[in-house]
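A short worksheet on the structure shown next.
The values are calculated or read from the model by the stated rules, or taken from the named source; none is laboratory data. The shown structure was predicted, so the numbers you read here are calculated from the model rather than taken from an experiment. Please note: Cβ atoms are built from the backbone with ideal geometry, for glycine as well, and neighbour counts cover all protein chains shown. Accessible surface areas use protein heavy atoms only, side chains included; no ligands, DNA or RNA. Shrake-Rupley method; radii C 1.70, N 1.55, O 1.52, S 1.80 Å.
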Amino acid sequence: MARIIVVTSGKGGVGKTTSSAAISMGLALRGHKTVVIDFDVGLRNLDLIMGCERRVVYDLVNVINGEATLNQALIKDKRCSELFILPASQTRDKDALSIEGVGKILEDLAKDFEYIVCDSPAGIERGATMAMYFADDAIVVTNPEVSSVRDSDRMLGILASKSRRAETAEEPIREYLLLTRYNPERVEQGEMLSVEDVQEILSLQLLGVVPESKAILNASNSGTPVILDTDSDAGQAYSDIVARYLGEDKPQRFIVKEKQGLFKKLFGGK
Amino acid sequence: MPDASSPKTQIESPKTQLESPRTHLESPKAPLEFKSASLTIPALRFFSNDLAVIEATLRGKIAQATEFFRDSPVMMDLQLLNEQHQSVDVEALVGLLRALGMVPVGLRGGSDAQNRAALTLGIFRHSAPSGAPSEIKIPGAEPSPELLDKSALAAEKSQENRVVTQPVRSGQRVYASGDLTVTATVSAGAEIMAEGNIHVYGSLRGRALAGVQGDINSRIFCMDLQAELISIAGIYKLRDDIPGDVQHKPAHISLDNELIIIRGL
């Protein structure tokens, strides 16, 4: 039985697509057959982050409308054979998504895949509600600042009331907090909310913390999910996150400021 | 004939007061909603069934305060007359009151025939028997019929207490027709409402409105007061008006004489 994971946030620009790309790649690298779907119809981005923008022929809306089959639209990742990408349409808008259409696609994908990662668009409108409606698990991406935290809280409310699991009174969606763009130094200086602050407000299980990192921008620009950059802090953070999602017990990292050791001072570090 | 010195008619509690809930909280989808409202209207108690005497006495009263009685709704109370087996023609009585510019809206203490006659004239029968005049209030005495009436109404509405164990998130609204208990956090931007009391065994960061139907005796209890707004029976306090020394602490919020009182727990 496939597990449907929605990566959502409410607020834009917090790292949903980066996280979707990294987590789906991480799951696939561990041998789980995974598909990642871009729900941001009209503002397609996932294909760029995954580095497959030149291979997009058909998209999610084509499949919903019956203009293409799933197999025609799915793009197989060149780095990992277990990973597939279903891109969004750039020429349509979110009204093209329907509960029935999305439900049918997910049902079909569930036959072949172990994990279905839904990259939600920002906002709480149609695209976002479609991405989360069928979810089993939700990874709520949040930045350590007040507006992002409030938007995440709003999204959690929607997950708890407007999803399929809520409507059919099944076991509720499992919700995880993913804190991105975290900068322990700025937290120490009181310029940023701390992990504890965010957790207190959202009362949510912490899946992991991704530090603010140059590696993220580099990864996006080169179309390589950051998790493949195993030397980088962000890449390691996402590896930990995937491990924790799969039930492994990994201690939290990147929460406190790293002490500059003599070795690092001499050789510069990363 | 009754004693000439005694008044032929007695008007009780001559104040018309509409108790409407102060905050208007519309239900999310319905185009209308039923709300209980209580209305104090004068009851006319008749001690005589002589229409001529009644008319003369009323004219005298009206002459003293013309504006007050114009279009004034009245409840016709026939209990005393019926106890003394003095029958009165309801139709004629209604005609008389209307001719004097009053608006008879209800009948109480009437016989079955009188009730039926009133109903054909579009006047409802007040279900409770008329009790002692309401201006005499004896502590510990039997609850007044009005009160009994209200509680009966409340029972009919089947007050439902609610317990919420999940966090109430930003943008969510929770409503309880009785008491509301939340065992988790109420986030900023969330709204919890109850016709009765509210208990929050977590941080209260959103809005909490107790006694939304106007119950001034309802209260709010919380373990950590950080609310954006607290309200009891429509009287509210915003975050900025909540003193700093009671914030971030367990609190007990009640209403005293139209003032929100916040105490530590």
Debye log10 I(q)/I(0) for the range A:130-184, one point scatterer per Cα, at q = 0.20, 0.31 Å⁻¹: -0.69, -1.22
With Rg from the Cα atoms and Rh as the Kirkwood inverse mean 1/r over Cα pairs, the range A:191-238 has an Rg/Rh of 1.09
Given 10 °C and 1.306 mPa s, how large is the Stokes-Einstein diffusion coefficient of the range A:159-246 in µm²/s, with Rh as the Kirkwood radius over Cα pairs? 107
Any chance you could tell me what percent of the C-alpha pair distances in the range A:213-259 go past 15 Å? 47
Counting only other chains, what is the mean number of Cβ atoms within 10 angstrom of the Cβ of each residue in peptide A:143-154? 3
Give me the percent of accessible area attributable to carbon and sulfur for the range A:136-270, probe 1.4 angstrom. 49
For the range B:161-265, which trypsin sites (Lys or Arg not before Pro) are both in a DSSP coil and crowded by at most 11 other Cβ atoms within 10 Å? none
Loop-located trypsin sites (Lys or Arg not before Pro) in the range A:230-261 whose Cβ has at most 10 other Cβ within 10 Å (DSSP): A:Lys259
For the range A:162-170, Karplus-derived ³J(HN,Hα) couplings (6.51, -1.76, 1.60; θ = phi - 60°; whole Hz; x for glycine and proline) come out as 10, 8, 4, 4, 6, 5, 9, 6, 7
Cα-Cα longer than 27 Å, checked against A:Lys78/A:Lys111; A:Lys76/A:Lys104; A:Lys162/A:Lys250, kept in input order, equals A:Lys162/A:Lys250
If amide H atoms are modeled at 1.01 Å from N in the peptide plane, then the residues at a separation of 5 or more from B:Val103, or on another chain, having amide H under 5 Å from its own are B:Ser72, B:Val74
DSSP-loop GluC sites (Glu not before Pro) across the range A:123-198, with at most 11 other Cβ within 10 angstrom: A:Glu125, A:Glu170, A:Glu191
Whole-number D in µm² s⁻¹ for the range B:167-265, Kirkwood Cα-pair radius fed into Stokes-Einstein, 37 °C, 0.692 mPa s: 261
Cut-off 15 Å between beta-carbons: net charge of the residues surrounding A:Arg55, Lys and Arg +1, Asp and Glu -1: 0
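If you rank A:Val146, B:Val164 by how much accessible surface each has, with a 1.4 Å probe, what is the order from largest down?
Heavy-atom accessible area, descending, gives A:Val146, B:Val164.
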How well do other chains shield peptide A:128-141, expressed as the mean number of their Cβ atoms within 10 Å of each residue Cβ? 0
Cβ-defined net charge surrounding A:Lys33, 9 Å radius [Lys, Arg +1; Asp, Glu -1]: -3
Output wanted: per-residue J couplings in Hz (rounded whole) for the range B:89-94, from phi through Karplus 6.51 cos²θ - 1.76 cosθ + 1.60, θ = phi - 60°, x for Gly and Pro. 7, 4, 4, 5, 5, 4
Return the tail of the calculated pair distribution for the range B:54-130, meaning the percent of Cα-Cα pairs more than 15 Å apart. 54
Within the under-9-Å Cβ sphere about A:Gln205, not counting A:Gln205, Lys/Arg +1 and Asp/Glu -1 give a net charge of 0
Just want to confirm a number: the relative contact order over the range A:1-100, from Cα pairs under 8 angstrom separated by 6+ residues, in percent. 31
How big is the protein assembly as shown by the Kirkwood estimate over distinct Cα pairs, in Å? 28.4
Please report the Cα spread of chain A along all three principal axes, rounded to whole Å, starting with the longest. 61, 39, 33
Hey, can you grab everything whose amide H is under 5 Å from the amide H of A:Ser89? Only 5+ residues off in sequence or another chain; H modelled, so Pro and N-termini drop out. A:Gly42, A:Leu60, A:Val61
How many partner chain Cβ atoms sit within 10 Å of a residue's Cβ in peptide B:177-185, on average, as a whole number? 1
